[in-house]
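Each value in this text was obtained by applying a stated rule to the coordinates, not by laboratory testing. Quick caveat, the model's predicted, so the values are computed rather than measured. Every residue, glycine among them, receives a Cβ derived from its backbone with ideal geometry; neighbour counts consider all protein chains shown.
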């Protein structure tokens, strides 16, 4: 009997050891169409960073000792968020060709990361820039944002199994996010009100042309004019160049002129005087036009951001795109970017 008790006690101790919670996260997964040779897990708040190598087939596995919280997953090209806590056993899958739409998690604790993935997709869908940007009045904008707030609140609080810190964070950040969108799109709506479709367009006169001489807006009358306001130091401006080239090529034989106006003003150029910086920025503009093999009509604004044309069009951030009709009237004071499908739809609606 004594021996049986000792054996039973031993088995009990062994069972307790086997049931003890893991003090690490088991993270496995597979990346379809992998971008690089490694993935990275990071939490800036705690300073945590780990690189995990990918196998040839895109699979990976590792153990992570972490503080509970939201971590950034980075494949070298795009990012997503996941929630990690010691004791979790999570399997992740995604296809980089449809990154956000295909991120899925399974295993112990996966519901938290799936919540973050679904939250991101829903927010992107609800806060669609093209849809909000098409609204014509502040009343319509406020009504739409109120609907969005209700839908997102409903989603955030629907699942009682989601970690309370994630739900609290989502609810806390919602109003600031909606306030930002309200301010951004209110400016766009006011721009349409102050510079309505069909009104005479503000003009520019004798802007220096990279090809030689000067060009005025009146010189382009008889054609649609798609204007790109940009600068050599502007990252988002340069990101649009490949798409702009594609659109130019597609419409090269149509009744439309593509005009790029640089508002370079010496930013990023060290010089003893403002005049020297201005000269350096103009030289930098010419160099980039040549280096990037920019097409269309390349112009340099007469007084950068303070040019009358920029002030009249209320240009306070770039890139900014403007569309003017053959009669010199405004089609859109804030036209879609070249990278947006909406631009082609707009051109087609005008039979350009």
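What to note about this one:
- Within the stretch 76-106, the set of residues being closer than 11 Å to residue 27 by Cβ and free of Cβ contacts under 8 Å to residues at least 24 places away in the same chain comprises just one member, 105.
- Condition met for residue 47 (at positive phi, surrounded by 15 or more Cβ atoms within 10 Å (Cβ to Cβ) and out of contact with any helix residue (DSSP H, G or I) (no Cβ under 6 Å at 6 or more places or on another chain)): no
- Residues in the stretch 107-119 that are in contact with a helix residue (DSSP H, G or I) (Cβ under 9 Å, 6 or more places away or on another chain) and surrounded by fewer than 16 Cβ atoms within 10 Å (Cβ to Cβ): 1 in all.
- Among the conditions (1) under 30 Å from residue 290 (Cβ atoms); (2) in contact with a helix residue (DSSP H, G or I) (Cβ under 8 Å, 6 or more places away or on another chain); (3) surrounded by fewer than 13 Cβ atoms within 10 Å (Cβ to Cβ), the only one that residue 161 does not satisfy is (1).
- When we screen 188, 239, 199, 211 for residues that are in contact (Cβ under 8 Å) with a residue 60 or more places away in the chain and touching a helix residue (DSSP H, G or I) at 6+ places or on another chain (Cβ under 9 Å), the only hit is 188.
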